Amino acid sequence: MVMLLLGLYDILSFVLYSQTFDAYIVGKEDAPGIVVLQEWWGVEFEIKNHAVKISQLGSGYKALIPDLYRGKVGLDAAEAQHLMDGLDWQGAVKDIHASVNWLKANGSKKVGVTGYCLGGALSIASAVLIPEIDTAVAFYGVPPAQLADPSQAKVPVQAHFGELDNFVGFSDVTAAKSLEEKLKTSGVPYEVHIYPGASHAFMNRSPDGIKRRKDMGINDENEAAVELAWSRFSSWMNRYLSP
């Protein structure tokens, strides 16, 4: 494993099952860890923005972004969709598992997983498939049934969705309510929040992120929903990751 310093981030290279992937880390040493999972775009500016913000919440966290696409980034929606369609989901879970184990072996007594879009779906899958995590928080994404059944979640799950999200079967209101019904049967603590007037990727509020959403025809701007979601996220992580 090699560590290099680049700006705010340390970059780790993991060797896992003869494959190598990079991970970006920002935050406090020996703080609780949070694995932060990318949207369908890949590891780009917005997911890094989220990781920095997460690292500074509360008393501080160590945030780690595993590069699930092995360096590839979608420059438009069609390319991002192609990358997501080509993802080895089982392999991505292994990447997340390795990231969790690294955090626990390097000073983080407790570790959560969070993610957005593609990463939201993988966060819920992690709650089912990765016993070492302590909680998961998903933003607008549910895993395919063949990957993970949310009714089998082993750790507390919080999930956030936009009322106007039109990604049918993945992050729309019907998918959110189906997730809630499955979590009810899991026996773990859970929250599912649906934000009125919010669409897919409503947490992306950087100027470039707003432009990209508008280029996709997503024009809502609901700062109150964003602030409420961050507040709920922070309270949840503090509850389940504090020593």
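The values are calculated or read from the model by the stated rules, or taken from the named source; none is laboratory data. This one's a predicted model, so the numbers in the text were calculated from it and none came from an experiment. So basically every Cβ, Gly included, is an ideal-geometry build from the backbone, and we count neighbours across all protein chains shown.
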- Message: Cβ-Cβ distance below 9 Å, separation of 6 or more or different chains: which pairs start in the stretch 222-236 with a residue that is touching a residue at least 24 places away in the same chain (Cβ under 8 Å) and end on one that is of a type in the set (A, V, I, L, M, F, W, C) and in a helix (DSSP H, G or I)?
- Response: Phe233/Ile54; Ser234/Ile54
- Filter the stretch 190-223 for residues that are touching a helix residue (DSSP H, G or I) at 6+ places or on another chain (Cβ under 6 Å) and among the β-branched types (Val, Ile, Thr); which is surrounded by the fewest Cβ atoms within 10 Å (Cβ to Cβ)? Ile194
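Which ones in the stretch 208-233 are polar (S, T, N, Q) and either modelled with pLDDT of 95 or more or within 20 Å of Val43 (Cβ to Cβ) (or both)?
Step one: filter the stretch 208-233 for residues polar (S, T, N, Q), giving 219, 222, 231.
Result: Ser231, single match.
Is there a residue in the stretch 151-162 that is part of a helix (DSSP H, G or I) and under 16 Å from the mean Cα position of the chain (by Cα)? If you could, list the steps in order and put the result at the bottom.
First, pick out the residues of the stretch 151-162 that are part of a helix (DSSP H, G or I): 151-152.
Among the residues that remain, those that are also under 16 Å from the mean Cα position of the chain (by Cα) are: none.
Looking through the stretch 151-162, none of the residues is part of a helix (DSSP H, G or I) and under 16 Å from the mean Cα position of the chain (by Cα).
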- Inspect all residues belonging to the stretch 96-106 and state whether any of them is under 17 Å from the mean Cα position of the chain (by Cα), at negative phi and part of a loop (DSSP other than H, G, I, E, B). no
- Message: Anything in the stretch 107-134 that is in a helix (DSSP H, G or I) and of a type outside the set (A, V, I, L, M)? List them, or say none.
- Response: Gly119, Gly120, Ser123, Ser126
- Query: Pairs under 6 Å by beta carbon, first residue within 16 Å of Gly115 (Cα to Cα) in the stretch 151-170, partner among the acidic types (Asp, Glu) and surrounded by fewer than 17 Cβ atoms within 10 Å (Cβ to Cβ), six or more apart or different chains?
  - Reply: Gln158/Glu191
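Within the stretch 40-66, can you find the residues that are under 17 Å from Pro207 (Cβ atoms) and either touching a residue at least 60 places away in the same chain (Cβ under 8 Å) or over 12 Å from the mean Cα position of the chain (by Cα) (or both)?
Our first condition is that a residue be under 17 Å from Pro207 (Cβ atoms); within the stretch 40-66, this holds for 41, 44-50, 52-53.
Listed by number, the residues that qualify are Trp41, Glu44, Phe45, Glu46, Ile47, Asn49, His50, Val52, Lys53.
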- Could you give every pair whose Cβ atoms fall below 8 Å, whose first residue belongs to the stretch 70-88 and is assigned to a helix (DSSP H, G or I), and whose second residue is surrounded by 12 or more Cβ atoms within 10 Å (Cβ to Cβ) and among the charged types (D, E, K, R), counting only separations of at least 6 or pairs across chains? Ala80/Glu39; Leu83/Lys72
- Within the stretch 188-207, is there a residue that is outside any loop (DSSP other than H, G, I, E, B), of a type in the set (Asp, Glu), touching a strand residue (DSSP E or B) at 6+ places or on another chain (Cβ under 7 Å) and modelled with pLDDT of 95 or more? yes
